[in-house]
Amino acid sequence: MNTATTVRRYRGSSPQERKALRRQQLIDAATRVYGEHGYRHSGVKQVCDAAGLTQRYFYESFSHSDELLIACYEQAARQLREINMAAAEAVGGSRLHRSHAMLCAYFGYLRDNPRVARLLLLDIRGISAAVDQAIDEALKASSDDMTRALAEPGENFDELLQAGILGGVIHIALHWMASGYAQPIERVVEAALKLGASLLDEDSP
């Protein structure tokens, strides 16, 4: 083997693998820190301390804090979409049943992961144009997921109505979070289903 072209490994990991691991450590730590204190009240040092890394490793992966926030947001939003879609696929049945399953998964995840819920829904808009773009792209992906999970073959949902329902579900979640998740999840899901009944063109429960 040509040692000149062999990637040096340390404890079984290449430099690229270790860099990727440190980046993931920062994302996971920042999700906890931002979720507990809010992005605007958190600094690079807090995140690095939580990750167990020195600040020089922050700039190895991110040029500024907004980039890290976007990475955290995109990871959390992607995980939540995957959970929602898996719930719809698992239950099958009518699209009303699939809607119920997706909403149960959505609200249940927010309740069980309050730090992630804060990251996704609170104090996130207006930080920067790049962050707002990431939010808009995540909402578009959620809208596309809704169409794939609920629309009949050849059916196209009204985009404006769909956007309004997504926004309404988010506001229901915000109200529920502000109450300390006081109402039972089934009551919250029922409210969201009533909101979505016009999109599904079905009677609300």
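The values are calculated or read from the model by the stated rules, or taken from the named source; none is laboratory data. All of these numbers come straight from a predicted model, not from anything done at the bench. Cβ: placed from backbone, ideal geometry, glycine included. Neighbour counts: every protein chain shown.
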Restricting segment 121-136 to residues that are part of a helix (DSSP H, G or I) and free of Cβ contacts under 8 Å to residues at least 12 places away in the same chain, which is surrounded by the most Cβ atoms within 10 Å (Cβ to Cβ)? Asp132
Quick check: is even one residue across segment 186-205 closer than 26 Å to Glu36 by Cβ and surrounded by 12 or more Cβ atoms within 10 Å (Cβ to Cβ)? yes
Six or more apart or on different chains, Cβ atoms under 7 Å: show the pairs whose first residue is in segment 165-182 and in the same structural domain as Arg118 (by TED's automatic domain parsing) and within 21 Å of Met146 (Cβ to Cβ) and whose second is in a helix (DSSP H, G or I) and not hydrophobic (A, V, I, L, M, F, W, C). Ile165/Gly196; Leu166/Ser142; Leu166/Ser143
I'm checking my understanding of the structure. Among residues of segment 183-196 that are of a type outside the set (Asp, Glu) and without any contact (Cβ under 8 Å) to a residue 24 or more places away in the chain, which one is nearest to Gly108 (Cα to Cα)? Pro184
Of the residues Ala76, Ala88, which single one is touching a Lys or Arg at 6+ places or on another chain (Cβ under 7 Å) and either assigned to a helix (DSSP H, G or I) or among the small types (Gly, Ala, Ser) (or both)? Ala88
Within segment 91-108, how many residues are surrounded by 15 or more Cβ atoms within 10 Å (Cβ to Cβ) and outside any helix (DSSP H, G or I)? 0
Under the condition of being of a type outside the set (A, V, I, L, M) and farther than 18 Å from Ala117 by Cβ, which residue from segment 17-35 is nearest to the chain's Cα centre (by Cα)? Gln24
Scanning for something more than 20 Å from Ile172 (Cα to Cα), more than 21 Å from the chain's Cα centre (by Cα) and not basic (Lys, Arg), does segment 61-69 turn up at least one residue? yes
Segment 148-171, residues that are surrounded by 14 or more Cβ atoms within 10 Å (Cβ to Cβ), touching a helix residue (DSSP H, G or I) at 6+ places or on another chain (Cβ under 8 Å) and either at pLDDT 90 or above or part of a helix (DSSP H, G or I) (or both): Ala149, Leu150, Gln162, Ala163, Ile165, Leu166, Gly168, Val169, Ile170
